[in-house]
1. Does a label point 7 Å from the Cα of residue 123, set along Cα-to-beta-carbon, have any residues of the range 137-159 with amide nitrogen under 18 Å, and which are they?
2. Subtract the Cα-Cα distance of residue 58 and residue 107 from 0.36 nm times their separation in residues, and report this length gain in nm to one decimal.
3. Given the Cα-Cα distance of residue 246 and residue 193 and 0.36 nm per residue of separation, how much length would full extension add, in nm?
4. Amide H to amide H under 5 Å from residue 235: which residues, 5+ apart in sequence or cross-chain, H placed 1.01 Å off N in plane?
5. Could you give the length gained by full extension between residue 82 and residue 94, i.e. 0.36 nm per residue of separation minus their alpha carbon distance, to one decimal place?
6. Using the structure shown, select from 149/177; 82/121; 149/218; 106/149; 93/194 the pairs with a Cα to Cα distance greater than 25 angstrom.
Amino acid sequence: MFLILVVLLLIFFHYINLSGFFRAPFIFFQRNFFSRSLKIKNFFEFFSSKKELMEENDNLKKINQELLLENKDLKISREENKILAEQMDFLKKKDYNYVLSRVVGKTSVDPFVLGNLILDKGADDGIKEGYPAIVNQGFLAGKIIKVEKDISYLNIILDNQSMIAASAGNDAEGIVKGEHQLSLVMDFILPDKKIEPGDLAVTSGLESLIPKGLAIGKIREIKFNPGDFFQKAILDPLIDFDNLQIVSILIPYENN
């Protein structure tokens, strides 16, 4: 009797598909679990991908900065080569004795004031006080005012303490002085001497260590009022001192 009852129950469960009834919740749970697993996986893959993109972006920025620095160095090298070529051409034509020197610093702590420039050549290289330093096609940069064993100090022509014997026009002579490291003034020009804007002021040769004819600046303006004893000329400098890197220090042959 019991056996017959069991058989009847199995037949009943088969026809009403009770096994599917119990399996449905399991399938629902499995689908939800799989869906959430995919979302979690995609979440971590997104952040992993984002991290890789950020690292790649940082690497590209670093490479770009390196390329910019290389390009800047290349540009500086080209400019230096151009300046050196001009200096060598001028020095060869004039047959000057010289020592090439790099600007390695300045004495002023004020970033807006150049002060005296520090050069990488000194007494061991034959440098002495009073020697002139030039750039380009014979543009006067200044005079050496102090010398140590392996460095020297250049007083640039824009400095208030700088004074250079100069001439302009036909035979006008005077003294060129620096004006607050911004411009130049040629003073003590006799009133009967003719000078004009655009005239080039050059070294007069009255200073024993400075050759005649080194360019100092161009006359921009002339100041002379009735009753003045001398004319005064405002000059524009020919040198960009903020970017000055290499100079040639002229050495008299008799000092060899």
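1. 144-154
2. Numbers: separation 49, 0.36 × 49 = 17.64 nm, distance 3.91 nm.
Result: 13.7 nm gained on full extension.
3. Details: separation 53, 0.36 × 53 = 19.08 nm, distance 3.59 nm.
Full extension of this stretch gives 15.5 nm more.
4. 184, 185, 186, 220
5. 2.5 nm
6. Values: 149/177 29 Å; 82/121 21 Å; 149/218 36 Å; 106/149 17 Å; 93/194 30 Å.
The answer is 149/177; 149/218; 93/194.
Bear in mind these aren't lab numbers, they're just calculated from the coordinates by the rules spelled out. Keep in mind that what you see is a predicted model, and the values were worked out from it rather than measured. Here the Cβ is made from the backbone with ideal geometry for all residues, glycine too, and neighbour counts use every protein chain on show.
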